[in-house]
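Data first, discussion second: the structure below is written as structure tokens.
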Amino acid sequence: MYIEMKEDKDARWFELECVPKEYIFSEEYRPQNIDSPVCDSIPVISLAKSEAANEHSQPVEEILKASQEFGFFQVIDHGIPEKMMIDAMNVLKEFFDMQAKYASNGTVTPKKGYIYTTSTDFTKDGVYLWRENLKHPCHPLEECVPLWPDTPPRYQEVIAAYLVEIQKLSSRILEMICEGLGLEKGYFKDISEVQLLASNFYPPCPDPSLTLGILPHIDPSFITILYQGEATGLQFMKDDQWIKIGAIPNAFVVNIGNQLEVCILSIIMVNGSSSYLWMQIISNNKFKSAKHRVVTSKHETRRSIATFVNPSPNCIIEPAKILVNESEPALYKPTQYKDFVQYNNSFGDYTAAIQKALDEES
Ligand code: OGA
Ligand code: NI
């Protein structure tokens with residue numbers, strides 16, 4: 001194992017002159033256009049305007065348009081204090097720095113209610129990603145917090161405060177999506193929750209053209225709210241091209257997950273009192289969940305905090321009533337969201353953590 005062969009026993013796995021072969025992706029996956037221009041057309045939407053009663057529709061329209069055209073947008077003037085965002089990023093930096101001491105031997109540390117993985121814990125076709133990752137469930141918040149990392153000691157307090165704000169922001173954004181689509185007010189209120197936090201640490205890499213921080217994927221969420229500080233590296237696919245998302249200080253990157261896009265599904269609350277057939281309203285390719293990935297950088301360290309706003313486990317997913325008739329019977333049985341997650345391994349390597357959160361809730 002190369003870690004044991006290194007001369008400097010204190011060096012971290014990425015402190016190398018060249019990329020070890022275990023991290024080199026095949027041509028097919030390697031980032032080709034790593035220096036493509038930063039996309040300056042990705043919408044940057046000020047939420048401040050939504051406070052002004054007369055202009056209420058402006059960010060709503062902007063969010064709707066961005067969700068349709070890109071599946072990605074950034075929000076500014078969102079009201080979350082800068083200090084809280086920086087604090088959250090700093091505490092995660094401390095967490096990852098501490099793992100260098102305790103977990104640099106490449107073993108997974110599934111501990112309590114969180115999962116930390118270093119670069120060698122995840123492979124795609126036998127190749128390692130250039131990143132470390134921490135993830136944990138976040139709902140219900142007060143039950144999850146004590147199970148999160150307790151080193152650094154302020155981790156739980158700082159991240160809990162951050163998540164309270166993210167919850168509010170996500171409700172605001174979903175409410176605007178709801179208004180834009182013409183759905184009843186509060187439509188998402190009881191069916192969505194900030195379920196999972198995934199934080200990534202992407203150290204500098206000697207040759208970014210050979211490696212990847214995160215593979216191309218679509219998020220299995222309603223929406224994902226990502227804080228990336230001032231780092232670059234995130235790219236999304238538009239018209240078969242990888243496009244960089246520029247870093248805007250204090251902004252959040254929001255992307256549409258496949259749960260907002262899925263065509264044949266609708267969501268009906270378990271109590272059956274009201275049926276929500278909105279998925280097919282947006283199914284006419286109205287919303288886009290864009291594929292994205294993270295490329296590495298020679299000099300820059302990237303840290304990110306992704307929060308996934310997902311359907312609540314008490315949702316039932318079934319074929320939209322309007323699509324079902326005698327000649328075209330339902331192809332799927334109604335399934336509770338949590339069973340759906342388990343059956344489909346929907347969250348990839350997050351499935352176990354999500355499933356645990358769902359099981360604990362029921
Ligand atoms: C994710 C993701 C991007 C990043 O966790 O789904 O896309 O910058 N993360 O870490
Ligand atoms: Ni993602």
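The values are calculated or read from the model by the stated rules, or taken from the named source; none is laboratory data. Note that this is a predicted model, so its numbers are computed, not measured. Cβ placement follows ideal geometry from the backbone for every residue including glycine, while neighbour counts extend to all protein chains displayed. In case anyone asks, the SASA skips ligands and DNA or RNA and just uses the protein heavy atoms, side chains included. Shrake-Rupley method; radii C 1.70, N 1.55, O 1.52, S 1.80 Å.
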Note on I3: of the conditions (1) within 24 Å of the chain's Cα centre (by Cα); (2) modelled with pLDDT under 95; (3) surrounded by 14 or more Cβ atoms within 10 Å (Cβ to Cβ); (4) hydrophobic (A, V, I, L, M, F, W, C), unmet is (1)
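Out of the strands (runs of 3 or more DSSP E) lying entirely within region 81-160, which hold 3 or more residues that are within 21 Å of the chain's Cα centre (by Cα) and modelled with pLDDT under 85?
none
Across region 210-221, which residue is most open to solvent (accessible area, probe 1.4 Å) among those that are within 11 Å of ligand 1 (Cβ to nearest atom) and part of a loop (DSSP other than H, G, I, E, B)? Before the answer, list the steps.
From region 210-221, those within 11 Å of ligand 1 (Cβ to nearest atom) are 213-221; that's our starting set.
Cutting the leftovers down to part of a loop (DSSP other than H, G, I, E, B) gives us 213, 218-221.
Working: G213: 0, I218: 70, D219: 6, P220: 15, S221: 0 Å².
The residue in question is I218.
Table: residues versus (1) within 16 Å of ligand 1 (Cβ to nearest atom); (2) closer than 30 Å to L147 by Cα.
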| position | (1), (2) |
| --- | --- |
| E179 | no, no |
| G186 | no, no |
| E193 | no, yes |
| S199 | yes, yes |
| I223 | yes, yes |
Members of region 211-263 that are among the charged types (D, E, K, R), under 25 Å from A88 (Cα atoms) and more than 14 Å from ligand 2 (Cβ to nearest atom):
E230, K244
All but one of (1) crowded, with 19+ Cβ neighbours inside 10 Å; (2) under 23 Å from K168 (Cβ atoms); (3) more than 11 Å from ligand 1 (Cβ to nearest atom) hold for P249, so report the exception by its number.
(1)
Among the residues of region 230-246, how many are open to solvent by 50 Å² or more (accessible area, probe 1.4 Å), in a loop (DSSP other than H, G, I, E, B) and either within 12 Å of ligand 1 (Cβ to nearest atom) or in contact with a strand residue (DSSP E or B) (Cβ under 8 Å, 6 or more places away or on another chain) (or both)?
1
Subset of region 162-181 [at pLDDT 90 or above and open to solvent by less than 40 Å² (accessible area, probe 1.4 Å)]
Y162, L163, E165, I166, L169, S170, I173, L174, M176
